[in-house]
Amino acid sequence: MNSNKELINNFYSAFQQLDFQGMSSCYDENIVFFDPVFGLLSAREVNSMWEMVCTTAVDFSLTYGNILELDDAYCTCDWVSTYTLPENNRRVVNKVRANMRFSEGKIIEHSDAFSVHQWSKQAMGLSGELLGWNSFFQRHIKNRAKKKLTEFLILNK
C-alpha cells in the first residue's frame, strides 16, 4: 500500500476510535479544510472541529473505503458516519466523499462533500425535509455550526 493510502487508513482508523489527536497527526501543520457545513477552516479550526466532533459524539460509528489514488498527490475516498444528535436524539447517517491532497507524508488539503439537504432531513426532521434545499436554511445550519465551533475554540483555549 502506498503512503497516501496508508495515511488515509491511519486518519479514518483514528476517526473510528474518535481519536482526534491521531487524526490531527495525519495533517500538515498548515492543513486547509472545507466541508459544506463548516466551510473553509484554518489548521487550528479544523483540528478543533475534529476534537469537538470526537468528544461530543453519541452512538458513533464510521466506515470508509473506495480509496482511489488519482495521482501521486491526490486521493479520494468514501466514508459514512452514523451517530445520534444529542440535542434532539435524531439518528443521522452521513455519506461523504473526501478529497485529499498530500505532500511530504501529510495531508495538506482535505475537502468533504455531502448533501446538506440529505443531512438536514435526518437531523431536523420535517423542517429539514421541506427547507433543507433552501440556501437561506442551509446558511442557518452553517452559521449554527460555526457558532458551535467558535464557542468550542473559546472554551478550549
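The values are calculated or read from the model by the stated rules, or taken from the named source; none is laboratory data. Source: prediction; values computed, not measured. Counting neighbours? That spans all protein chains shown, and the Cβs are built from the backbone with ideal geometry, glycine included.
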Notebook entry, point to check: Given VAL37, VAL53, which one is assigned to a loop (DSSP other than H, G, I, E, B), under 14 Å from LEU149 (Cα atoms) and not small (Gly, Ala, Ser)?
Noted result: VAL37
Next item on the list: Can you confirm whether segment 41-49 contains a residue that is part of a loop (DSSP other than H, G, I, E, B) and surrounded by 12 or more Cβ atoms within 10 Å (Cβ to Cβ)?
Entry: yes
Checklist line | Every residue from segment 1-23 that is in a helix (DSSP H, G or I), more than 18 Å from CYS75 (Cα to Cα) and among the polar types (S, T, N, Q) | finding: GLN16, GLN21
Next item on the list: Check whether at least one residue in segment 1-13 is surrounded by 15 or more Cβ atoms within 10 Å (Cβ to Cβ), closer than 26 Å to ARG91 by Cβ, touching a Leu at 6+ places or on another chain (Cβ under 8 Å) and at pLDDT 95 or above, and report yes or no.
Entry: yes
Note to self: Where the second residue is modelled with pLDDT under 95 and aliphatic (A, V, I, L, M) and the first is within 12 Å of VAL53 (Cα to Cα) and lies in segment 6-33, which pairs have Cβ atoms under 7 Å and are six or more apart or on separate chains?
What the structure shows: LEU18/ALA57
